[in-house]
Amino acid sequence: MKVAAMFSYLFNLQTKKIVIILLALFISACSSTPSNDGVNTSDPKDPLESINRPFWTFTWDYADKYVFKPASEVYVEYMPTGFRTGLHNIALNLNEPSAAINNLLQGKFSEAGKSTGRFVLNSTIGLFGFFDPASDFDWTREQEEFGEVLGSYGVGDGPYIVVPGLGPSSVREEVGDYVDRYYWPLAIIDFWPNLLRQAVLGLEQRVALTDQEQIINDSIDPYEFVKNAYFQNMEFKVYDGNPPIVIDDESEDEIDAFLDELDAMSDIE
């Protein structure tokens, strides 16, 4: 009965995420229609802001504060460092085949070869990924997700979504994560091992967030700060750390006009 209840809970959670995505797409489509007064004050990337903000409050002020943060602190405090690193390596090693395929889909053959080599070496000599001997060959881990594949072919992020209890996301990322789950070997991992893998990844992600936690809390609008940081990070990943420089022509014109005024004032003097 407990197992059935757990499956039911996860099914309902996934269903809710799908409903949120579909709702986001619907509202986004509606928001693209010009309003009567011709003014659109909402963020085009965040048509669900009125829903996302309460979800963010629940996630950051309650779920994280009372569940995820304490759990990550206990995990770091009581889990031996070497064993913790090994578990994290195993969890990440299972993503290597998907990274190899996603790199191939983008024509990144060298990166695909590294991901394949990492998986083979770490899964054998590295004892199922517990150790990382591939790093000794300078085969660095470069995780590539299907959402990044979509982005590399010009697919936009889509509406911003805050998944209750999980945090920032977008339509493109959710679609990408859905596809990534069907790559081997993730598609054949049983429920409990996959649950353990997700727990390890989630705890490590929360530990990594510790350094940025105070910055989020000190920001004028934590919701807006995290949203902007999310889109910047997605752009950084899609362009492999080299996003294009976008020039705002309007801002450039204002700066040029201001400089011209300064030059005129100096001439008068």
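Using 22 Å as the Cα-Cα cut-off, could you pick out the over-long pairs in 108/227; 114/237; 45/69; 69/237; 114/227?
On the way: 108/227 29 Å; 114/237 18 Å; 45/69 28 Å; 69/237 26 Å; 114/227 32 Å.
Violating the 22 Å limit, Cα to Cα: 108/227; 45/69; 69/237; 114/227.
I'd like the Karplus ³J(HN,Hα) series for region 133-140: coefficients 6.51, -1.76, 1.60, θ = phi - 60°, whole numbers in Hz, and an x wherever there's a Gly or Pro.
Working through the residues one at a time gives x, 4, 5, 5, 9, 6, 8, 6 Hz.
Once the convex hull of the C-alpha atoms of region 50-112 is built, how many Å³ does it hold per residue, rounded to a whole number?
Values: hull volume 7.7 nm³, N = 63.
In region 50-112, the Cα convex hull volume per residue is 122 Å³.
If the chain between residue 61 and residue 236 were fully stretched, how many nm would it gain, using 0.36 nm times the residue separation less the Cα-Cα distance? Don't skip to the answer; put the middle values down first.
Values: separation 175, 0.36 × 175 = 63.00 nm, distance 2.75 nm.
Once the chain is fully extended between residue 61 and residue 236, it gains 60.3 nm.
Taking the mean number of other Cβ atoms within 10 Å as a proxy for protection, how do you rank 118-129, 211-222 from highest to lowest? Can you show the working numbers first?
Numbers: 118-129: 18.2, 211-222: 11.0.
Listed from highest to lowest mean packing, they are 118-129, 211-222.
Quick one: what are the phi-derived ³J(HN,Hα) couplings along region 148-165, Karplus 6.51/-1.76/1.60 with θ = phi - 60°, whole Hz, x for glycine and proline?
6, 4, 4, x, 5, 9, x, 6, x, 4, x, x, 6, 9, 9, 7, x, x
Consider all pairwise Cα distances in region 119-203 and report the whole-number % of them above 21 Å.
Numbers: 1643 of 3570 pairs.
Summing the P(r) of region 119-203 above 21 Å gives 46 percent of all pairs.
Using just the alpha carbons, could you tell me how many Å³ per residue the convex hull of region 45-191 encloses? Show your work: numbers first, answer last.
Details: hull volume 18.9 nm³, N = 147.
About 129 Å³ per residue, rounded to a whole number.
If packing is taken as the mean number of other Cβ atoms within 10 Å per residue, what is the order of 172-183, 98-109, highest first? Don't jump to the answer; show the numbers that get you there.
Working: 172-183: 17.3, 98-109: 19.1.
Taking the mean over residues of other Cβ atoms within 10 Å, the ranking is 98-109, 172-183.
So how much slack lies between residue 136 and residue 109, counting 0.36 nm per residue of separation and subtracting their Cα-Cα distance, in nm? Please report the intermediate quantities before stating the final value.
Numbers: separation 27, 0.36 × 27 = 9.72 nm, distance 2.06 nm.
Difference between extended and current length: 7.7 nm.
Multiply the residue gap between residue 187 and residue 124 by 0.36 nm, knock off their C-alpha separation, and tell me the result in nm, one decimal place.
Numbers: separation 63, 0.36 × 63 = 22.68 nm, distance 2.03 nm.
Fully extending the segment from residue 187 to residue 124 adds 20.7 nm.
How do 75, 66 stack up against each other in accessible area, from largest to smallest, with a 1.4 angstrom probe? Don't skip to the answer; put the middle values down first.
Numbers: 75 25, 66 145 Å².
Greatest to least solvent exposure: 66, 75.
From zero outward in steps of 10 Å, how is the percent of C-alpha pairs of region 77-125 spread across the bins?
P(r) for region 77-125, in whole percents per bin: 27, 41, 22, 9, 1.
Explain nothing, just the number: relative contact order of region 93-247, from Cα pairs under 8 Å at least 6 residues apart, as a whole percent.
Numbers: 143 pairs, mean separation 29.5, N = 155.
Averaging sequence separation for qualifying contacts and normalising by length gives 19 percent for region 93-247.
If amide hydrogens are placed 1.01 Å from N in the peptide plane, which non-local residues have theirs closer than 5 Å to the one on residue 160?
Residues meeting the amide H criterion: 46, 48.
The values are calculated or read from the model by the stated rules, or taken from the named source; none is laboratory data. Note that the coordinates shown come from a computational prediction; the quantities given were computed from them, not determined experimentally. In this analysis, Cβ positions are derived from the backbone assuming ideal geometry, glycine residues included, and neighbour counts consider all displayed protein chains. Surface accessibility is based on the protein's heavy atoms, side chains included, excluding ligands, DNA and RNA. Shrake-Rupley method; radii C 1.70, N 1.55, O 1.52, S 1.80 Å.
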